[in-house]
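The structure that follows is given in the form of structure tokens.
The values are calculated or read from the model by the stated rules, or taken from the named source; none is laboratory data. Since we're looking at a predicted model, the values are computed, not measured. All Cβ positions, even for glycine, are placed from backbone atoms using ideal geometry, and neighbour counts span all protein chains on display. For accessibility, only protein heavy atoms count, side chains too; no ligands or nucleic acids. Shrake-Rupley method; radii C 1.70, N 1.55, O 1.52, S 1.80 Å.
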Amino acid sequence: MCKRKITKASVLLTVMSLLIALTGCSNTGKEGGNLAVEPTLEDEVLETEYDFTVDYEGIARFDNDMAKAEVHDPSIVKDGDTYYLFGSHLSSATSKDLTNWKMLSGGYTDKNPVFGDLKNMKSGEFDFTGYSLSTIPTEDKTVHVWAPDVIYNRKMGKYCMYGCTSSTFNASTIYMAVADTIEGPYSYVSTLLYSGETADNIELTNILDFTDKETAVSTYTSNAGFAYNYKKFPNCIDPTVFYDEDERLWMVYGSWSGGIFLIELDEESGMPIHADSDDKNTDIYYGKRLLGGGHHSIEGPYILYDKESGYYYLYVSYGELTREGGYQIRVFRSETVDGDYVDMNGAYPDAKTAHEYFGLKLSGNYFLPSLNVGYKATGHNSAFIDEDGRRYIAYHTRFDKASEKHTPKVKQYLLNKEGWPCMLPYVTSKEVVSDTGYDKDDIVGRYFFINQGTGIDNKVAAPSILYLLSDGSVKGEEASGTWSCEEGKYYMTLSFDEKEYSGVFCQMQDEAGISVMTFSAVGHNESVWGVKY
């Protein structure tokens, strides 16, 4: 707890405190909504002792059931009043509240009700990759079906599932399957894109429908045609499909290898519209490269258009997907669907540069009060905007324990004043942010504070203590700064440790169900969170 020594205020301090209060946050509890907060005894404090001890005593812990639902690489979609997650290994789950998930399907068995004939491995989706009997067999002799995405195609009148089969780090395919209902069963239609081709097997792909064999081999392979040129061209996995502002249909995809690619789809068939010719950034077969290349870690792309901000947001994951791999969520944005997608510095990674400092890092490894275990490898997210305008990110997380157990999580995010996503610290309980701001007395106080940084490693961001004081100053154990909030709004700014962050305040529940004031702010491609008890 914060320990304060209260002394009689001088006239000067009282006047200064009053002036600060009059320019502070709004009081939304009175009629009219924008009245200044009255000065309190705390404004008259002359000398203060601060407690920077990180102590969780008295804070309830959330009993996290790591095995309750397991949907890896979750893609979220809403149908009616039900939310659906579709993920790797033929898994899916449903929820009514975005918090409690019930498994709908999982595993490569005949009892899987959602994925239809995909589990039978006889329809053609495994001819090239993804199975031990494929042209390019899986090395572990098991089945690999990863990261499906489901969208309702308006012209087809069908639910279309775009998924991928994979055998090696670059030999993969993207397929399409359709169903009459969102819960399936889905039936395989066609394979859209192939990667990992060589001179020996390229005739088994559909690449030769768009170019001759000699050109294809010289373009897409290296070492005299015996290896796929993976550092330049994509690994065909992790597809997601979306409508743009003009109702055109697109697919973004890719993992490591040549980076993230974008290709338009024909809405009537659901199939790719291939370019007429190559240019600097667009390949006639694979489409346009948006980010990455050179086999740097980048995968799980997801593009969401936000009408309110006018931006397309491209979410990706960096790092390796294991518990110790530094897996994390990054975001870029663009005013047009095909880019350029840039970060907070107006930059993006390419094949020649280290990517650690590119992209706003929204979430990585972290621990917060009310959690009973550290969350690690938070990544491969999807995102959506609900009918009520609230924005959500769905992703999977692993834990700071000796296993690779994982579970899906959904958090609400808010846009800061500059239109950048600020992910709230705790999983959503469908909290409603106050669009008229918060009382100053509810904001001022002692916060558990973490900085997600920009690293790609296994370190867990753990809390330190930070004070937001009534005079607009910030006090940390080793640094100080200032904070402010916009009158009548939930927007806030934080200047701390010689860096500035722009974000939001939000009253919400922690994961044990306790109401807490929080802030989430971004700057320098970093995300910082604060939680007040």
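Using only Cα atoms, find the angle between the long axis of helix 11-22 and the longest principal axis of the chain, and express it within 0 to 90 degrees, rounded to the nearest 10.
Taking Cα atoms only, the helix is inclined about 30 degrees.
Ok, one more. For the stretch 128-257, with all protein chains present and a 1.4 Å probe, just round the carbon and sulfur fraction of the accessible area to a whole percent. Don't jump to the answer; show the numbers that get you there.
Values: 2510 of 5100 Å².
Reported share for carbon and sulfur atoms: 49 percent.
Could you check how much of the accessible area of the stretch 436-482 is carbon and sulfur, as a whole percent, using a 1.4 Å probe? Please report the intermediate quantities before stating the final value.
Numbers: 750 of 1850 Å².
Answer for the stretch 436-482 is 41 percent, counting heavy atoms of protein chains only.
Check S190: other-chain or 5+ apart residues with amide H under 5 Å from its amide H, H built from backbone geometry?
Here the answer is M176, since their amide H atoms fall under 5 Å of that of S190.
Keeping every protein chain present and rolling a 1.4 Å probe, give me the accessible area per residue for the chain in Å². If you can, show how the numbers build up before the last one.
On the way: 21920 Å² over 533 residues.
Result: 41 Å² of accessible area for each residue.
With the cut-off at 1.5 for a/c, could you classify the stretch 309-395 from its C-alpha gyration tensor as rounded, prolate or oblate?
On the way: a/c = 2.41, a/b = 1.20, b/c = 2.01.
Oblate, since a/c reaches 1.5 and b/c is not below a/b.
Let me have the 222 nm mean residue ellipticity of the chain computed from DSSP H runs of 4+ only, each contributing -39500 (n - 2.57), with the sum over all residues rounded to the nearest 500.
Calculated mean residue ellipticity at 222 nm is -1000 deg cm²/dmol.
A further question follows. Leaving out ligands, DNA and RNA, and with a 1.4 Å probe, what % of the accessible surface on the stretch 270-425 is carbon or sulfur? Before the final figure, lay out each step's value.
Working: 2450 of 5200 Å².
C and S fraction of accessible area: 47 percent.
Pick out, from I260, T82, Q452, the residue whose Cα sits farthest towards the positive end of the charge dipole of the chain, with +1 on the Cβ of Lys and Arg and -1 on the Cβ of Asp and Glu.
Result: Q452.
Follow-up question, since we're still on this one. Taking H as built 1.01 Å from N, whose amide H comes closer than 5 Å to the amide H of S480, not counting residues under 5 places away?
Distant-sequence amide H within range of S480: D497.
Once each part is reduced to its C-alpha centroid, what is the distance from the stretch 160-211 to the stretch 334-394 in angstrom?
That distance is 27 Å.
Something else about it: Total Lys pairs in the stretch 57-161 closer than 26 Å by alpha-carbon, pairs eight or more apart in sequence or interchain only?
24
For the stretch 85-221, I need the span (max minus min coordinate) of the C-alpha atoms along each principal axis, in Å, sorted largest to smallest.
Result, largest extent first: 53, 38, 26 Å.
If you don't mind, there's one more thing I want to ask. Kindly write out, for the stretch 211-222 in residue order, the coupling ³J(HN,Hα) from the Karplus curve 6.51 cos²θ - 1.76 cosθ + 1.60 (θ = phi - 60°), rounded to whole Hz, with x marking Gly and Pro.
Once rounded to whole Hz, the list reads 7, 7, 5, 4, 5, 4, 5, 5, 7, 9, 10, 9.
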